[in-house]
Structures are given as structure tokens and as C-alpha cells.
Amino acid sequence: MKAAIVRSAGATPVYGDFTEPQPTASLARVTVTAAALSRITRARASGRHYSSSGAFPFVPGVDGVGLADDGRRVYFVMPDAPHGALAEQTLVPVEHCIDLPDDLDDVTAAAIANPGMSSWVALTERAKLKPGETVLINGATGASGRLAVRIARHLGAGKVIATGRNAAALAEVGADVMIVLDDDAEMLEKRFSETVAEGVDVVVDYLWGMSAERLLIAAAKSGRDAVPLRYVEVGSVSGETISLPSAVLRASAIELIGSGIGSVPFERLIVAAGDVLRVAVPAGLTLTARSVPLSDVEQAWIAPDDGQRIVFTP
């Protein structure tokens, strides 16, 4: 069968022939109809992601949509290595397959499932969001952040604050308050301080880096004694590490929480993906997606980011 194949760490996947998957009692064979190119797919292919196995060659792709051998139309996640989603067919543990709603098309499902799951889990499993609370999405102009704004509203947030570097893109995410990120750390901390002082209950952070430093410091200085701020760290687009004074945690009620593979039981991630897909149509969860033939994987992999989510259609 045809597939995208990663032959070494950091190498661009090539389109070629890969061993055809053979189903077992515990592994379902799925004929793939749509699979998105996600950050985690890129990171695992490069060998940089903490969940990377380090074994080559393999087919990349952590999730997708397709038809199981029994005819079910499913969303699947975490195929059985070395098989992945960027192939004509893949092998998936049967418990990793979720039936898709009839009113949700394959490309949309593939585009929103993984980024939507990230904020759904952060808000429900980790932050335990309560109706009426204020949520700040740090990094709201990417695919995950845009969906996070809508999901926070769907889950009952009373107010949503969004940050991002691109002012024009930020204006389109539908938040109540927008904070444009720039490189002036002191001015950014001042703006964060004003915002937090008005009340922020939950932060979902896709960036980490300098903006996370200044946001945490501003929260510690806000004077909201013993009012917990649940700060959920999801991604690290702006940097893998931060420098945080210890007093930030000693002198505040900040709860610093991680969310992702390892911090949330895997079965709960699957449940969250199913929840996102079930509410996608009524909640208006959509992303601008571009369908690309799998045979064009090499060009699409190295193409500049144009703001659209790439969905491969084998």
C-alpha cells in the first residue's frame, strides 16, 4: 500500500510503498479517508516529541478518519506502530476508534479532533471549568487556540480572553478581550496585570516562553489573595523553558497544571475526542482546512504555513 514514510529522525516523509496492515482480534484495519498534519505528528516524526518511539522507518500521523473493515465510519487515534494515519490503510487498537456523527464530514472531523481535544481536556479534565468563569487562552490564533475560544464558550465560560501576536488574526477568534503579544516584556506584564486584576479563573496556554513568564508573574502580583488561578500548560510554541521566580508560586494561589499524553489517562483523551466530535456541528467547531492528496506529502510537509490546516486524503 502507499504511505508517507519517515526513514530517519528529522527527515521529510517520502511517498512510497509500506507493508499492508493485517488486522487481528485487537487491532482494527481502517481505510483512511482523511488525516490532518498536526504539530504532534511533525514532532514525533522529528524524534523531538516526548512520546516518540525512536524506531524507524514508520508511517507518521497520530489520528484520522476512515472506514473500518466492518463498514463503520470512525475517527481513530494512535495507530499501532509502525503504522500511522498518513497511509491508505492503518492498524488501530479497537478501543481507539470512535463512531463519527453522520452530520460531520471527514475533512472537518480530521481537522478539528486533535486540536479540539487539547482544550476540551484542559478545560474539563484539568481545570474543571465551572459555568460563568473567565478563561484566558494564551496563543489563540493557531488551530488549537481558535477552537479553544469556541470550546470554552460551549462549556459555559462567562468571559473569554485571547492573546496572540497577529492582531488581525486575533480580532477574528471571537473573544471578549484581546491582548496582542509583543517583545516588550514589561508592557506585556502590565497589560496582563490589568487583565488578571479584573478576574481570571483559568488559563489555557499553548505558548509557554516569555508570555507565560509574564502572565504568571502578573497573576502572582495581582493581589487576589488565596483566589486560585488554574494555569493549564498545553503547548510550547514560544519556547520549551521559562525562568520563573520561586516566589510566584509561594506568594500566590496559582495552580500550575500540565495537560497532555501522560498527565491525562489515555482513555480520557479518547472520550474527550468523542465529545468534541459529537458537539462539533451544534457548537460550530470548524477550521479552515485544505485537502491535499497524500501523494503530495513531501511538498506539503515543507511548505510555508498559510494558516490553513492541511488534511491529507489518501
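Residues of the range 236-256 that are in contact (Cβ under 8 Å) with a residue 40 or more places away in the chain and under 20 Å from LYS128 (Cβ atoms): LEU256 alone.
Could you check TYR75 against (1) farther than 14 Å from THR31 by Cβ; (2) at pLDDT 95 or above; (3) within 16 Å of the chain's Cα centre (by Cα) and say which number it fails? Tallying (1) farther than 14 Å from THR31 by Cβ; (2) at pLDDT 95 or above; (3) within 16 Å of the chain's Cα centre (by Cα), TYR75 fails exactly one: (1). A residue that is in contact with a Gly (Cβ under 9 Å, 6 or more places away or on another chain), surrounded by fewer than 17 Cβ atoms within 10 Å (Cβ to Cβ) and in a helix (DSSP H, G or I) cannot be found anywhere in the range 120-132. Among the residues of the range 133-140, is there at least one that is more than 18 Å from the chain's Cα centre (by Cα) and not in a helix (DSSP H, G or I)? Looking for residues that are more than 18 Å from the chain's Cα centre (by Cα) and not in a helix (DSSP H, G or I), one finds at least one in the range 133-140, hence yes. Within the range 105-116, the presence of at least one residue that is assigned to a loop (DSSP other than H, G, I, E, B) and outside the structural domain of ALA34 (by TED's automatic domain parsing) is confirmed.
One line per residue, one yes/no per condition, for (1) surrounded by 23 or more Cβ atoms within 10 Å (Cβ to Cβ); (2) of a type in the set (Asp, Glu); (3) closer than 24 Å to ALA283 by Cβ; (4) not assigned by TED's automatic domain parsing to the domain that holds ALA220:
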position	(1), (2), (3), (4)
LEU136	yes, no, yes, no
THR163	yes, no, yes, no
ALA168	no, no, no, no
ASP184	no, yes, no, no
GLY199	no, no, no, no
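Per the listing LEU170, LEU229, the residue uniquely in contact with a Gly (Cβ under 8 Å, 6 or more places away or on another chain) and of a type in the set (A, V, I, L, M, F, W, C) is LEU170. Within this structure, LEU86 fails the test of being of a type outside the set (Gly, Ala, Ser), touching a residue at least 24 places away in the same chain (Cβ under 8 Å) and farther than 17 Å from TRP301 by Cβ.
Go through the range 3-26 and give me each residue that's over 14 Å from ARG44 (Cα atoms) and either in contact with a helix residue (DSSP H, G or I) (Cβ under 7 Å, 6 or more places away or on another chain) or not in a strand (DSSP E or B) (or both). Hits for the range 3-26 are VAL14, TYR15, PHE18, THR19, GLU20, PRO21, GLN22, PRO23, THR24, ALA25, SER26. Taking each residue of the range 1-19 that is farther than 13 Å from PRO82 by Cβ and looking for partners that are of a type in the set (Phe, Trp, Tyr) and surrounded by fewer than 16 Cβ atoms within 10 Å (Cβ to Cβ) with beta-carbon atoms closer than 6 Å, six or more apart or interchain, yields SER8/PHE56.
On the given criteria, is THR90 crowded, with 22+ Cβ neighbours inside 10 Å, among the hydroxyl-bearing types (Ser, Thr, Tyr) and in a strand (DSSP E or B)? Answer is yes for this residue. Taking the range 205-220 as the search range and keeping residues that are under 18 Å from the mean Cα position of the chain (by Cα) and without any contact (Cβ under 8 Å) to a residue 40 or more places away in the chain, which one is nearest to GLY116 (Cα to Cα)? Going through the qualifying residues, I end up with TRP208. Report, by residue number, each residue of the range 107-134 that is of a type in the set (A, V, I, L, M, F, W, C) and under 29 Å from ARG290 (Cβ atoms). Correct list: VAL107, ALA109, ALA110, ALA111, ILE112, ALA113, MET117, TRP120, VAL121, ALA122, LEU123. The lone criterion from (1) closer than 16 Å to SER118 by Cβ; (2) at pLDDT below 95; (3) not charged (D, E, K, R) left unmet by GLY199 is number (1).
Listed by first and then second residue, the pairs linking a residue in the range 167-178 that is at positive phi to a residue that is surrounded by 14 or more Cβ atoms within 10 Å (Cβ to Cβ) and not hydrophobic (A, V, I, L, M, F, W, C), with Cβ atoms under 9 Å apart and 6 or more places separating them unless they lie on different chains, are GLY174/ARG146; GLY174/ARG150; GLY174/ARG153.
The values are calculated or read from the model by the stated rules, or taken from the named source; none is laboratory data. Note that the coordinates shown come from a computational prediction; the quantities given were computed from them, not determined experimentally. Glycine gets a Cβ as well: all are built from the backbone with ideal geometry, and neighbour counts include every protein chain shown.
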